[in-house]
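For reference, the structure is listed below as C-alpha cells.
Laboratory data are not the source of any read-out in this text; all were calculated from the coordinates shown. Quantities reported herein were computed from a predicted structural model and do not represent experimental measurements. Using ideal geometry, Cβ is built from the backbone for each residue, glycine included, and neighbour counts are taken over all protein chains shown.
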Amino acid sequence: MKSAKLYQFPLHIRTASIPIDPAEDSFITKNGSNSSIKANKIACWKRIQVSIIGLVWLFLGLFWPLLNWLAAMDVVFQLLRALYYANTPAIQATLQALIHGVLYIFLSLFVYLYRPKAF
C-alpha cells in the first residue's frame with residue numbers, strides 16, 4: 001500500500017506581508033464608504049428570513065396531520081358550495097373554491113418538498 005502525501009497549508013507564509021493597495025481593495029467603493037457593512041446587513045436579513053421560513057415549515061410539519069385533514073375538508077366543502085351555487089350569478093363560489101384548492105396544493109407542496117436550510 002502507498003502512503004498518502006501530506007501537504008502543508010498554506011504553502012507560502014510570506015503572502016501576509018504583501019501590502020494591499022486601497023484603490024484595488026474590493027470592500028472600498030469609489031466614494032470611500034465601506035460596502036461590507038451593507039453586505040453584512042443583507043446577510044443578516046437573509047439569515048432571519050431563512051430562520052422564519054424554517055420555523056413556519058417546522059410548525060406546519062408538526063401539525064400537518066391535523067392541518068391536512070382540516071384543509072381537505074375545507075376544500076371539499078368549498079367544492080360542494082360551488083356546485084350548489086353554480087347558477088347564482090351574484091355569488092362567486094367557484095372562484096373561492098378554486099382559490100382554496102390552489103392554496104391547499106401549495107401548502108402541501110411546501111410541507112412535502114421544501115427542506116429548510118436552518119435545520
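Counted by Cβ distance under 13 Å from residue 48, the other residues give a net charge of +4, where Lys and Arg count +1 and Asp and Glu count -1. Packing around the peptides 82-92, 60-70, 97-107, taken as the average count of other Cβ atoms within 10 Å per residue, puts them in this order, highest first: 97-107, 60-70, 82-92.
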